[in-house]
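Accompanying notes for the structure given below.
The values are calculated or read from the model by the stated rules, or taken from the named source; none is laboratory data. For clarity, every value in this text was computed on a predicted model and none was experimentally measured. No Cβ is skipped: glycine too gets one built from the backbone with ideal geometry, and neighbour counts run over all protein chains shown. When the accessible area is computed, the model is the full protein with side chains, heavy atoms only, and any ligands, DNA or RNA have been set aside. Shrake-Rupley method; radii C 1.70, N 1.55, O 1.52, S 1.80 Å.
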Number of protein chains: 2
Amino acid sequence: MTAAMSSLTDIESVLKALASERRLQILDWLKDPVAHFPPQEHGDPEAHGACNQFIVEKLGVSQPAGSRHLKVLTDAGLVIPTRRKGWVYYRRNEAALADLAALVASI
Amino acid sequence: MTAAMSSLTDIESVLKALASERRLQILDWLKDPVAHFPPQEHGDPEAHGACNQFIVEKLGVSQPAGSRHLKVLTDAGLVIPTRRKGWVYYRRNEAALADLAALVASI
DNA sequence: TGGCGATATAACTATCATGTTATGTGGCTA
DNA sequence: TAGCCACATAACATGATAGTTATATCGCCA
């Protein structure tokens with residue numbers, strides 16, 4: 001069950017999270033982690049997504065900048081982090097993205 | 001035919017226009033101008049929407065601030081201005097909003 | 001044409017977003 | 001337990017947003 005997103009302010013915060021070329025790029029890459037990131041020795045990319053480090057490198061920004069983008073997406077509920085063995089993997093939250101699409105359709 | 005919105009940067013700019021509580025509010029009001037704004041002596045609210053002045057007043061911000069919000073929505077193609085007799089009326093661009101909803105659904 | 005009412009633009013200020021470098025934290029692993 | 005590696009947080013610089021007041025523009029109408 002995803003968080004309810006009903007009021008204008010809620011929509012606003014999720015849209016703000018989405019209104020960034022970098023973060024849109026991340027979500028696009030995460031559609032197919034295997035295709036867009038190097039093979040991971042630990043963590044199943046299909047199940048848990050790509051690790052923080054790979055995403056940051058592919059973005060081409062500093063590690064803190066990349067981590068913050070991932071935090072924004074996480075706080076908005078658009079991606080789901082999985083912490084494992086010192087790495088953090090991120091995958092899309094398809095349910096939240098579907099909710100958002102429905103909300104935007106109602107704007 | 002509405003402008004094509006395909007690249008990530010295009011989506012980004014439209015999402016930025018949308019990611020504002022004030023602008024979301026304006027779009028919501030414009031769903032039913034007759035219900036949300038005073039009667040207009042000039043300009044058909046059904047056909048052309050609500051005039052700048054009414055929208056600004058209802059927003060509760062200064063006239064330039066309100067006008068700028070409307071400019072952002074206009075530049076993003078989300079509303080359509082109609083200039084007539086010294087007033088400017090704004091109505092929703094339903095085609096663009098539908099395109100946007102489809103794009104968000106594809107994120 | 002003179003003035004007025006509606007909107008646009010200019011100039012400025014405050015806050016937020018995004019980037020950087022430096023440093024802290026916390027779990028492996030040798 | 002010592003050190004390393006991944007990630008998080010702190011502190012700061014800078015550019016974009018959104019608000020304000022003041023002023024310019026522009027079409028009606030008397």
- Note on the structure: Label points for residue A:83 built 7 Å along Cα→Cβ; distances to same position in the other copies, nm, shortest first, come to 5.8
- Find out how many positive minus negative residues lie around residue B:68, taking Lys and Arg as positive, Asp and Glu as negative, among other residues whose Cβ is under 13 Å from that of residue B:68. +2
- Message: How large is the accessible surface of residue B:87 in square angstrom, using a 1.4 angstrom probe and rounding to the nearest 10?
- Response: 100
- Label distances, nm, residue A:95 versus same residue in remaining copies, Cβ-directed 7 Å point: 3.8
- What are the extents of the Cα atoms of chain A along their three principal axes, listed from largest to smallest and rounded to whole Å? 42, 27, 23
- Note on the structure: Full extension between residue B:106 and residue B:57 adds, at 0.36 nm per residue less the Cα distance, a length in nm of 14.0 nm
- Determine the alpha carbon to alpha carbon distance for each of A:71/B:31; A:31/A:71; B:31/B:58 and list only those over 24 Å. A:71/B:31
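Relative contact order for chain B: what percent, with Cα pairs under 8 Å and sequence separation of 6 or more?
Relative contact order for chain B comes out at 29 percent.
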- The B/A contact buries a total accessible area, at probe radius 1.4 Å and rounded to the nearest 100 Å², of 1900
- Using a cut-off of 14 Å between beta-carbons, work out the net charge of the residues near residue A:27 (Lys and Arg +1, Asp and Glu -1, residue A:27 not included). +1
- Dipole of region A:8-105 [Lys/Arg +1, Asp/Glu -1 at C-beta], most positive-end residue of A:60, A:14, A:78: A:60
- Whole-percent carbon and sulfur share, accessible surface of region B:8-105, 1.4 Å: 50
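Could you work out the helix-only [θ] at 222 nm for chain A, with each DSSP H run of four or more residues adding -39,500 (n - 2.57) and the total divided by the number of residues, to the nearest 500 deg cm²/dmol?
Only helices count here, giving -16000 deg cm²/dmol.
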- Shielded by partner chains, region A:17-41 residues - at least 50 Å² of accessible area, 1.4 Å probe, vs chain alone: A:19, A:21, A:24
- Query: At each listed q (0.10, 0.11, 0.16 Å⁻¹), what is the log10 of I(q)/I(0) that the Debye formula gives for the protein assembly as shown modelled as equal alpha-carbon point scatterers?
  - Reply: -0.51, -0.59, -1.02
